[in-house]
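Visitor: Got a structure here, written out as structure tokens. Questions coming.
The values are calculated or read from the model by the stated rules, or taken from the named source; none is laboratory data. Because the structure is a prediction, the values reported are computed rather than measured. Counting neighbours? That spans all protein chains shown, and the Cβs are built from the backbone with ideal geometry, glycine included.
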Amino acid sequence: MSEHVRLADQIRRAFEGAAWHGDSLLELLADVDARTAAAHPIQNAHSIWELVLHIAAWDGAAIRRAGGKAAKLTPRQNFPPVEDTSDAAWQKTLALLKATHAELVNAVEHFPDSRLMDQVPGKKQKYHNFFYLFSGIVQHELYHAGQIALLKKFR
């Protein structure tokens, strides 16, 4: 199995399930409603909804980078504000997350192994290659999945 396929599989498992560590991001979100997603049970902490938008934003940045474009997020893009807390808006947010993630997995599945050690556009650190980026996506999603798991305990 090629390395890019392994990386895509790890990204998929962190997001959809069948990961050895426990619940994936989608498994954690399965029973979260709009009210729970919008809540701020911990002072100065992001809501589940804000974390979901953040994850989608960085998945989108990784897609652009894999396509050869430098991607930097503004503070508003990094953690987009939640302005509509309706059930319909929450379902729209989940659909955005799933669509962005599917696009990212597809990009990684089709990314050539020969380019994995290439520098990511816009990054100056020598270690910031595509292997680092794609591995980091797994770490990023699981980090925030852990935060979501803790926030759910306050319902």
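Visitor: For the stretch 1-56, which residues satisfy the criterion of being without any contact (Cβ under 8 Å) to a residue 40 or more places away in the chain and of a type in the set (F, W, Y)?
Guide: W20
Visitor: Please tell me if D59 is surrounded by fewer than 14 Cβ atoms within 10 Å (Cβ to Cβ), of a type in the set (D, E) and touching a residue at least 12 places away in the same chain (Cβ under 8 Å).
Guide: On the way: surrounded by fewer than 14 Cβ atoms within 10 Å (Cβ to Cβ): no; of a type in the set (D, E): yes; touching a residue at least 12 places away in the same chain (Cβ under 8 Å): yes.
For D59, the condition - surrounded by fewer than 14 Cβ atoms within 10 Å (Cβ to Cβ), of a type in the set (D, E) and touching a residue at least 12 places away in the same chain (Cβ under 8 Å) - is not met.
Visitor: Here is a further query. For Q43, all conditions in the list (1) farther than 12 Å from A145 by Cα; (2) modelled with pLDDT of 95 or more; (3) surrounded by fewer than 20 Cβ atoms within 10 Å (Cβ to Cβ); (4) not aromatic (F, W, Y) hold save one; what is the number of the exception?
Guide: Here Q43 meets the rest and fails (2).
Visitor: So which residues in the stretch 43-98 are assigned to a loop (DSSP other than H, G, I, E, B) and in contact with a Phe, Trp or Tyr (Cβ under 7 Å, 6 or more places away or on another chain)? Break it down stepwise before answering.
Guide: We begin by selecting, within the stretch 43-98, every residue assigned to a loop (DSSP other than H, G, I, E, B); these are 43-47, 67-74, 79-86.
Residues satisfying the conditions are H46, V82.
Visitor: So which of L97, L151 is under 11 Å from the mean Cα position of the chain (by Cα) and touching a residue at least 40 places away in the same chain (Cβ under 8 Å)?
Guide: After applying the criteria, what remains is L97.
Visitor: Now, a different point. Which residue pairs have Cβ atoms under 7 Å apart, sit 6 or more places apart or on different chains, and have a first residue in the stretch 107-134 that is closer than 12 Å to V5 by Cβ and a second that is assigned to a loop (DSSP other than H, G, I, E, B)?
Guide: Listed by first residue and then by second, the contacts come to D113/S2.
Visitor: Determine whether the stretch 126-145 contains at least one residue that is modelled with pLDDT under 95 and outside any helix (DSSP H, G or I).
Guide: yes
Visitor: Given (1) farther than 30 Å from I42 by Cα; (2) under 14 Å from the mean Cα position of the chain (by Cα); (3) touching a residue at least 60 places away in the same chain (Cβ under 8 Å), identify the lone condition not met by E103.
Guide: For E103, the failing item is (3).
Visitor: Okay, next question. I'm trying to understand the selection: among the residues of the stretch 104-120, which are exposed (fewer than 15 other Cβ atoms within 10 Å of the Cβ) and assigned to a helix (DSSP H, G or I)?
Guide: The answer is N106, D113, S114, R115.
Visitor: When the stretch 1-20 is examined, which residues are found to be under 12 Å from E109 (Cβ atoms), small (G, A, S) and part of a helix (DSSP H, G or I)? I'd like the intermediate steps shown before the answer.
Guide: Within the stretch 1-20, the first condition is being under 12 Å from E109 (Cβ atoms), and the residues that meet it are 1-12.
Those still in the list that are small (G, A, S) too: 2, 8.
Correct list: A8 only.
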